[in-house]
Amino acid sequence: MAVTSEDRISEMRRRLKGFTFIELLASVVLIAVIMPVAMAGISLCTSLAGQSRRQIEAATLAKAKLTELVVSRNWESGDKSGDFGVDRPDYRWAAEVAEWTDPTVRRLDLTVFWQSRNRQRSVTLSTLVYPETQ
C-alpha cells in the first residue's frame with residue numbers, strides 16, 4: 001500500500017492538534033521552578049528602588065538644611081539638631097562643627113537620619129564655613 005501525500009497531510013494534522021499530558025506537566029513543573037526565583041528578583045528590585053528613593057530624598061533634605069544653616073549662620077549659635085516637620089516626619093537631622101586643617105575654617109557636617117527595615121540609615125553632607133571673626 002502506497003502512502004499518498006494526502007495521507008501524510010492528514011497524519012500531520014492529527015499530530016498537531018494539541019499538547020500531550022507529559023508536555024503540559026513539564027511546562028507546569030518548569031513554571032513552578034522559575035516563578036519563585038523571578039518573584040524574589042522582583043521583590044529585591046522593588047526594595048532597592050524604595051531604599052534608593054529614601055536615600056535621594058534624605059540627601060536632598062540634607063542639602064537644603066545645610067544651605068539654610070550656612071546662609072543664616074545658625075551653625076554658629078543656633079540649633080544643631082531637629083526634624084523636618086509634618087511634611088517629612090520620618091527624617092531627623094543633626095549638625096556638627098569640627099576643626100579643619102586651616103584654623104580660620106571650620107567643617108560643618110549635616111547628617112539626616114531615618115528608619116528603614118528596622119535599621120537606622122543616614123546620609124551626611126559636609127561643607128567648609130568661615131566663622132565670624134571676633
For this session: Please state, as a whole number in µm²/s, the translational diffusion coefficient that the Stokes-Einstein equation yields for the range 18-129 at 4 °C and 1.567 mPa s, with Rh defined as the Kirkwood radius across alpha carbon pairs.
Result: 74 µm²/s
Exercise. Just E23, E96, E57 to compare: in a GNM of the chain, with alpha carbon springs under 10 Å, which one fluctuates most?
Worked result: E23
Seminar exercise, completed: GNM of the chain, Cα pairs under 10 angstrom: of L108, L44, L66, the biggest fluctuation goes to L44
Problem set entry | Acute angle (nearest 10 degrees) that the helix 21-72 long axis makes with the longest principal axis of the chain, alpha-carbon atoms | 20 degrees
Problem set entry | Student exercise, the range 18-129 dipole from Lys, Arg, Asp, Glu Cβ charges, in Debye to nearest 20 | 80 debye
For this session: State, as an integer percentage, the relative contact order of the chain based on alpha-carbon contacts under 8 Å between residues 6 or more apart.
Result: 18 percent
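Throughout, read-outs are computed from the coordinates displayed, never taken from laboratory work. Since the structure is predicted, the reported quantities are computational estimates derived from the model, not experimental observations. Counting neighbours? That spans all protein chains shown, and the Cβs are built from the backbone with ideal geometry, glycine included.
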